[in-house]
1. Go through segment 66-91 and report how many residues are small (Gly, Ala, Ser) and closer than 22 Å to ILE102 by Cβ.
2. Let me confirm something: among GLU94, GLU51, which residue is at pLDDT 80 or above and among the acidic types (Asp, Glu)?
3. Is it the case that ASP85 is more than 18 Å from the chain's Cα centre (by Cα) and either in contact (Cβ under 8 Å) with a residue 40 or more places away in the chain or loosely packed, with under 11 Cβ neighbours inside 10 Å (or both)?
4. Give me the residue from segment 1-35 that is at pLDDT below 85 and either assigned to a loop (DSSP other than H, G, I, E, B) or touching a helix residue (DSSP H, G or I) at 6+ places or on another chain (Cβ under 8 Å) (or both) and, out of that set, surrounded by the most Cβ atoms within 10 Å (Cβ to Cβ).
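The values are calculated or read from the model by the stated rules, or taken from the named source; none is laboratory data. These numbers were taken from a predicted model, which means no experiment stands behind them. Glycine also receives a Cβ, built like all others from the backbone with ideal geometry; neighbour counts cover every protein chain displayed.
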Amino acid sequence: MTLTSPRSFAHLLRSAAAPALAVLVIANFAGYALLGPNGLFAWGDYARMREQRQVELVQLVDERARLANRVELLDPGSVDPDFADELVRRNTGEIREDEHLILLDPPARP
């Protein structure tokens, strides 16, 4: 049999199909491992996004502490009269022209 005969060429194609398919499957997995959304090259993006999220978390924790302090100042059992007056005047627009509000962070209660 010669290599150019149709029967041997078909036999060659059939015998090479399984290894070729295996190489394609392995190449596909390797491509996803390197270039996929969770691949090796995405780690840099994850590190950058993590740093951004840490900064956002610190800002949100600070904002939450500030809001918790304001809620504590408006507790019905012990309302801070200066803070309540400031809120009422600011929200109703009852500040006269000769008055100036100086906004200070209220001291934290123990």
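1. Going through segment 66-91, the residues small (Gly, Ala, Ser) turn out to be 68, 77-78, 84.
Subsequent filtering for residues that are closer than 22 Å to ILE102 by Cβ retains 84.
Final tally of qualifying residues: 1.
2. GLU51
3. Numbers: more than 18 Å from the chain's Cα centre (by Cα): yes; either in contact (Cβ under 8 Å) with a residue 40 or more places away in the chain or loosely packed, with under 11 Cβ neighbours inside 10 Å (or both): no.
Answer is no for this residue.
4. Filtering segment 1-35 for residues that are at pLDDT below 85 and either assigned to a loop (DSSP other than H, G, I, E, B) or touching a helix residue (DSSP H, G or I) at 6+ places or on another chain (Cβ under 8 Å) (or both), the one surrounded by the most Cβ atoms within 10 Å (Cβ to Cβ) comes out as SER5.
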